[in-house]
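The structure appears below as structure tokens.
We did not get these values from a lab; they are worked out from the coordinates using the rules stated. These figures come from a predicted structure and were not determined experimentally. Note: ideal-geometry Cβ built from the backbone for every residue, glycine included; neighbour counts use all protein chains shown.
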């Protein structure tokens, strides 16, 4: 085969190849060498990023409708199934290209950040191996040209998320969080696999169709196929095949992207190292779910005419699940004090936005928000990691200064409101002076998340979703209106809890000694001095280097990605500003050819924009009013708690008891049922019993054989052996050690031989 | 001239005498002497056959020469062993060195 | 001779037998008579070395002294200890003399006078020479005397050891002549081998002297240590026979040296006037014998370990190297198998002589290094021995 | 067979060799046995001369008598306390004697035409009756020398023999070297004698 690997048709293979290669190299080769593993992993993703950029540039260069019609891509035969063949292939259409802008870049930055964050961990090489595999799987999923290959990447990511969340496997909570994530997503994945299988079967039933296929090109860009699926009756009465498949696929996303009611795994997922959280929340895992439904949108929306506000079951499903998740998660985020958990709920909430946007047909907006969210959420998570690092350092430092370590019990299993001390925003305060770069970058990310008007990326993408909902809600259709209201409330709360988080962490005075001494690093201390108008002397520098020369490098490695991401958290949104404002919407023009039927652009309306501005600013303002105006002092009750009352607050902190509900009414009964029915009834009383009777029969037979063996065979063998033994005992007496006797025997033998020879000659 | 078989019979006698010495003498040095006698018997045979059967081909003489070399080596190592054993056990009786048995 | 005997009516075999017997008698008688003269010469020469006069009472210049001694020794009582091992004790002196006399069987006295020109003559020399060892051992053992036994031990060690370099050095003239026959070796010496291979001559003389148990190597009968050694229990003519054997052994060595390296009977007109060869041989032998007496009278006796060390660590390697060098050069030079005149021999002789000079230089350097190392070793040991004494002295203070 | 000089010499040598060999194995005094061994070896050398192999005869005297026998004597002298053992034969000597006689008779019956003459067996003998061999080439000694170093003939065994001798030399030196007795466990009688 003559392949030009640098043509756009084959380049996607290389993009996914290099991280996977890094994984193999690290696992098989450099697992003992941390630095080499770092280099290999970063080199792998770095090459991948460069190739992605090349591909993206090519796609942009070709930014007209032809890329939608003729995607880049190539495929090989993978598995022959009788008359049919599974083909594995890659494709790059505008949507993929847009994802390739985000995924490798965010991953690369997370990798660099990890090199600093994971410094000193005994299993750092393993960590990088998993990260590489994680990214490789995500890239596989992104460039896949069929649903099966996408599903492979999907599942590998499931495994990687399990491994990475439970990376500190000696910690029981981490291990359980890993299991929880894996099991929860597994529930959804099984349903999704059923959907994929059903889709595969249905495509084969179409007359004059392409035959059994899962290829995106064959299904999504084939109008007759979509029509056939919509009209085909499914196995469940009253629903079309398209509906059934869509619901199953969306369920997969509900698990993967952590939508209500399967959202419970994501908040626990931050038991893993912070770069993993950044990875899961931004670049890979949860994005994959949304990416999948964005990708499958033509199928999901088949039969609906949402431009004229006619929706189908799948879209209702998405819209309701998404908006409920968006608001619910935002509400939950308000009640959290763990900085990472706040961000986790915000992720769930934002993913809810995207799913809800798809539910009302805002396809471009969903993709837009997906990428923007990835940037600022990666930024926020890495910044929070930096904060945690600083707090841990501060704790050690405080201990050196005479403040005793606080020994905290780690949760054994599912403890709802546990918050690890360095993560607790109540224990922070005043960190702006200790870690200014982190504070500033986090502020940028937070503003983007909150949708600070006109400047930030988050504003533009979120605004587009709200605008679309507004557009639908204008027609007094209750469904878009419901979505709109939910999303607006969610946006308000998002701005509020973002402000709360930031002010609690960085504003005011330090509330604990740990916060007072937080934050190492040359750059940070230099900034601290600069901020406090103190000269940074050479002595200080020497002291720092003496204290911890390695941490300085880690700190630097952790801060560079923050600054890079800050840039994207702001500018990422500018490519998608509505064309009525700036005259051209390049993102929309670029993405639109992906779909067979180009999505219409909702006419610009100033009202929703104003509303969203007000909501965002209102939320931020409320946050400032409660937390920024007079910063929380040590020991003071949270103002929100005071406003809501302890009952609701406790409920919020316990995540509305959903997790406990699951535990008590699903997990435990299931466990009990498994114990009773499967273990005792089926396994022990039926299978074991029958096995035991077989075993008893076998034992009896064995006894019989044994008796035969002892008496007959052993008797024979023993007699032989004893005979040989006694003969040997008698015979060994000739070995007297007397050389002359031996010689006598030799001579006798010689004589015998000679006589024999003579007789023969005769 | 003397027929070949006379040489052979003398050699056989020498060999048998040496063999008896090897088999019967208790002293290790005497055993070694017996071995020398046997080797000499073989040499006589070799040379006699060379003389009577193939006087133009020197195989017999060459083999006798090699027997000399082997005998010299055997005597040197054998006597060294005997003296070593004597130093250790104060005995050169072959039957006293019978540790290697069942 | 055989012809004459056949003429007077004897059969061929008998004639040969008688002729041989006559030859043996003549040679043996000459040997014994020459002993008497030789002993006188030796005593005279030794006396000169020791700044004495030597025998001068009996006969002119004391010439008859040996005869007087012989008469005396024959007439002395033959004492035999009761505990001696009778047969070996009595056989030993005979064997001692016999082994020397047997050597004379292959010596070519002139171009025509030779007892038996064996084609394995040199090997015969070596073989018969080794019988002398047996005589010494037998004497030492059978005397049932500690000193004699020690002497026998020494004899075994010394004689077997020095046989190695001697045989190796004997190979050199064999190689140069291309024959084992002594007569052939003598005849091939158009230029005496002494000039071609002086190193070999030196090695041969040293090892031969040691074989004889004379000169600086007379440990077998070191009077000051083991009171005459293996012949301590012998008296009378048995002792006399040992004495004769020893003297003849030494003189035979001189004769062999003369034959193998000095051209033997060769000399002006030696092939024309046959008896002249005998005179030449005698002169050359006496000269070598004089040298041997010189050495014997000049050098002190060596210790047994020095003796063996010198042999195994110096003489054997040196003789091997010497043999290899000569063999290599001899193989290298053209037409070495067709040397029929003085002129033919000149070139190869020169080459070999030069090689020997180089070897001498190497040996001199080697010995110097050896001596230097020895000296350093001794000094180091002396320092080690001296130091603890000082240390204890210091501790005592 | 006529009574020629050669026959007489052969007879004498046979008596000498076999007689002294018998004495070697029967003499109580080992020193005497070693001397008899020398005599027997000398007789063998005589056979070599009779068989027109003077080189081997010389070799026999040099190597066997001059070296091996002397070494044996040395060994005898080094182990003096056992030269006069109460018994010189071990327990099986009678069997050995019978065996030796049978063996000799076996060989005798094979080798000699006498058996045929006696009519004991018609076809046993391998016929070794030739008594007038061809003459030995005059150059047999130098031929032997050349054969020993000829790559086509005996060079390999010759070199192997030299390696063997070297090994024996080193091995013997090692076996009796003073350092080899360091681990000695037997009591030192010599040490107490002084």
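Taking the average, over residues, of other Cβ atoms within 10 Å as the packing measure, peptides A:333-340, A:263-270 rank A:263-270, A:333-340 from highest down. Of interest is the spacing of the C-alpha centroids, which for the stretch B:20-86 and the stretch C:154-177 amounts to 23 Å.
Kindly provide the helix-only [θ] at 222 nm of chain C, computed as the sum of -39,500 (n - 2.57) over DSSP H runs of four or more divided by all residues, to the nearest 500 deg cm²/dmol? Mind dumping the intermediate values first?
On the way: 15 runs with 285 residues, N = 397.
Value at 222 nm, helices only: -24500 deg cm²/dmol.
P(r) tail, the stretch C:9-76: Cα-Cα pairs separated by more than 21 Å, 46% of all pairs. When peptides A:495-502, D:151-158 are sorted by average Cβ neighbour count within 10 Å, with the highest value leading, the order is A:495-502, D:151-158. FRET efficiency for the residue A:477 to residue A:679 pair, using the beta carbon distance and R₀ = 35 Å, is estimated at 0.10. Placing one equal scatterer on every Cα of the stretch A:96-187 and applying the Debye formula, the log10 ratio I(q)/I(0) at q = 0.11, 0.16, 0.17 Å⁻¹ is -0.35, -0.72, -0.81.
Here each label is just a point 7 Å from Cα along the line to Cβ, and for residue C:33 and residue A:556 those points are 11.6 nm apart. Springs between Cα atoms under 10 Å define the GNM used for chain B, and in it the highest mean-square fluctuation of B:69, B:11, B:41 occurs at B:69. The share of Cα pairs per 10 Å bin across the stretch B:4-96, counted from zero up to the longest distance, runs 18, 37, 28, 13, 4, 0 percent. Start at zero, step by 10 Å, and the Cα-Cα distances of chain A spread as 3, 13, 22, 22, 15, 8, 4, 3, 4, 3, 2, 1, 0, 0 percent across the bins. Only alpha carbons enter this Debye calculation for the stretch D:1-88, each as an equal point scatterer, and the log10 of I(q)/I(0) it gives at q = 0.11, 0.14, 0.16 Å⁻¹ is -0.36, -0.55, -0.67. Two numbers describe the Cα atoms of the protein assembly as shown: Rg and Dmax, which are 58.1, 171 Å.
Entry note: the stretch A:96-142 has Rg to Rh equal to 1.04, where both radii use alpha-carbon atoms and Rh is the Kirkwood radius. Spin-label pair residue B:70-residue A:205: with each label point 7 Å from Cα along the Cα-Cβ axis, the two points sit 9.5 nm from one another. Mean-square fluctuations from a GNM of chain C, with a 10 angstrom spring cutoff on Cα atoms, peak among C:358, C:120, C:16 at C:16. Here the extension length gained between residue C:335 and residue C:63 equals 92.8 nm, from 0.36 nm per residue of separation less the Cα-Cα distance.
Each helix, a run of at least 4 DSSP H residues, gives -39500 (n - 2.57); summed and divided by the residues of chain A, these come to -21500 deg cm²/dmol at 222 nm. Cα-based values for chain C, radius of gyration first and Dmax second, are 24.1, 103 Å.
For the residues C:127, C:343, C:15, a GNM of chain C with alpha-carbon springs under 10 Å puts the largest fluctuation on C:15. Here the contact order of chain A, divided by its residue count and restricted to Cα pairs under 8 Å and six or more residues apart, works out to 13 percent. The relative contact order of the stretch C:78-381, computed from alpha carbon pairs under 8 Å that lie at least 6 residues apart in sequence, is 24 percent. Length available on full extension from residue C:14 to residue C:290: 0.36 nm per residue minus the Cα-Cα distance, which gives 95.2 nm. Here the calculated FRET efficiency for residue C:272 and residue C:344, from their Cβ-Cβ distance with R0 = 22 Å, stands at 0.55, rounded to the nearest 0.05. Between residue A:751 and residue D:170, the modelled labels are 4.2 nm apart [label points 7 Å from Cα along Cα→Cβ]. Relative to one another, the C-alpha centroids of the stretch A:633-681 and the stretch A:308-365 are positioned 21 Å apart.
For residue A:705 and residue A:232, the FRET efficiency from 1/(1 + (r/R0)^6), where r spans their Cβ atoms and R0 equals 56 Å, is about 0.35. All Cα-Cα separations within the stretch C:177-308 were binned at 10 Å from zero, giving a P(r) of 12, 36, 29, 17, 6, 0, each value a whole percent of the pairs.
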